[in-house]
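S.K.: Please see the structure below; I have some questions.
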Amino acid sequence: KFQPGHPFPELKLETPEGQSVHIKRMSLENRVIAVWASWCSGCRNELRATAAKGKSEDWIYLSIDGLPQQRSPLGEWYEAIVTDDLGGQHLSDLGGSRSIIIETLGVQEMPLYFKVENGIITKRVVRVEDL
C-alpha cells in the first residue's frame, strides 16, 4: 500500500513542543521522511552520521517513541534530537507500538525512509545509502 508509486498518506502529528502539524500529501514536493525512535540504536547511529554530513536538514522525522517501558517518551525523544544534532522537522503522536505512524505506513522495521516527490512515494528503503 505505501510502496513506490502510491501517494504518501496525510498525517496529523505533533512537534516535541506540542504544536499540531498536518502533513499534507501535496506539500511533499521533494522530501525524505525518516521513521525512527530514540530507543532504536541503529536508527540513531545512521541518522547521526547522515546529519553530520549535512544531508538531512530538510527531512521530516517521524518518531514512534511512546513505548510503555520508556520513563519519559517526550523527554527521550527531545534529548535524542538535540544530542544527535538532528535538524529538520520532528513529529510524533508518542503512541509507541500503537502509533498511527506504524499503522498508516505499515512499519515493520526501522529505520525506514521514504523519498516523496510531488506527494508520491518514489522510494521506500531501510538504509539511508539506498536513497
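The values are calculated or read from the model by the stated rules, or taken from the named source; none is laboratory data. Quick caveat, the model's predicted, so the values are computed rather than measured. With ideal geometry, Cβ positions are generated from the backbone for all residues, glycine too; neighbour counts draw on all protein chains shown. Side chains included, ligands, DNA and RNA excluded: accessible areas come from the protein's heavy atoms. Shrake-Rupley method; radii C 1.70, N 1.55, O 1.52, S 1.80 Å.
S.K.: Could you tell me the calculated FRET efficiency between residue 41 and residue 89, based on Cβ-Cβ distance and R0 = 25 angstrom, to the nearest 0.05?
M.R.: In this case the efficiency is close to 0.65.
S.K.: Between residue 17 and residue 30, how many nm apart are label points set 7 Å from Cα along the C-beta direction?
M.R.: According to this spin-label approximation, the distance is 2.8 nm.
S.K.: Could you give the alpha-carbon Rg of the stretch 1-97 over 2.2 N^0.38 Å, rounded to two decimals?
M.R.: Normalised by 2.2 N^0.38 Å, the Cα Rg of the stretch 1-97 equals 1.06.
S.K.: For the stretch 48-131, take N as its residue count and report Rg(C-alpha) divided by 2.2 N^0.38 Å.
M.R.: Rg over 2.2 N^0.38 Å, computed on Cα atoms: 1.12.
S.K.: Restricting to lysines 8 or more places apart or on different chains, can you count the pairs in the chain with Cα atoms under 14 Å from each other?
M.R.: Taking the chain as the scope, the lysine pair count is 4.
S.K.: In Å², and per residue, what accessible area does the chain have when probed at 1.4 Å with the other protein chains present?
M.R.: That works out to 53 Å² for each residue.
S.K.: Which log10 I(q)/I(0) values does the stretch 48-92 give at q = 0.15 Å⁻¹ under the Debye formula, counting every alpha carbon as one identical point scatterer?
M.R.: Cα-only, vacuum Debye calculation for the stretch 48-92: -0.39.
S.K.: Write down, largest first, the equivalent ellipsoid semi-axes of the stretch 1-52 in whole Å, where each equals the square root of 5 times an eigenvalue of the alpha-carbon gyration tensor.
M.R.: 22, 17, 11
S.K.: Leaving ligands, DNA and RNA out of it, report the carbon-plus-sulfur percent of the accessible area of the chain at a 1.4 Å probe. Can you show the working numbers first?
M.R.: Working: 3280 of 6960 Å².
Accessible surface attributable to carbon and sulfur in the chain totals 47 percent.
S.K.: If you don't mind, there's one more thing I want to ask. Take the Cα of residue 10, step 7 Å along the line toward its Cβ, and report every residue of the stretch 97-131 whose backbone nitrogen sits under 15 Å from that point.
M.R.: In the stretch 97-131, the label zone of residue 10 (backbone N under 15 Å from the point 7 Å along Cα→Cβ) covers 119-120.
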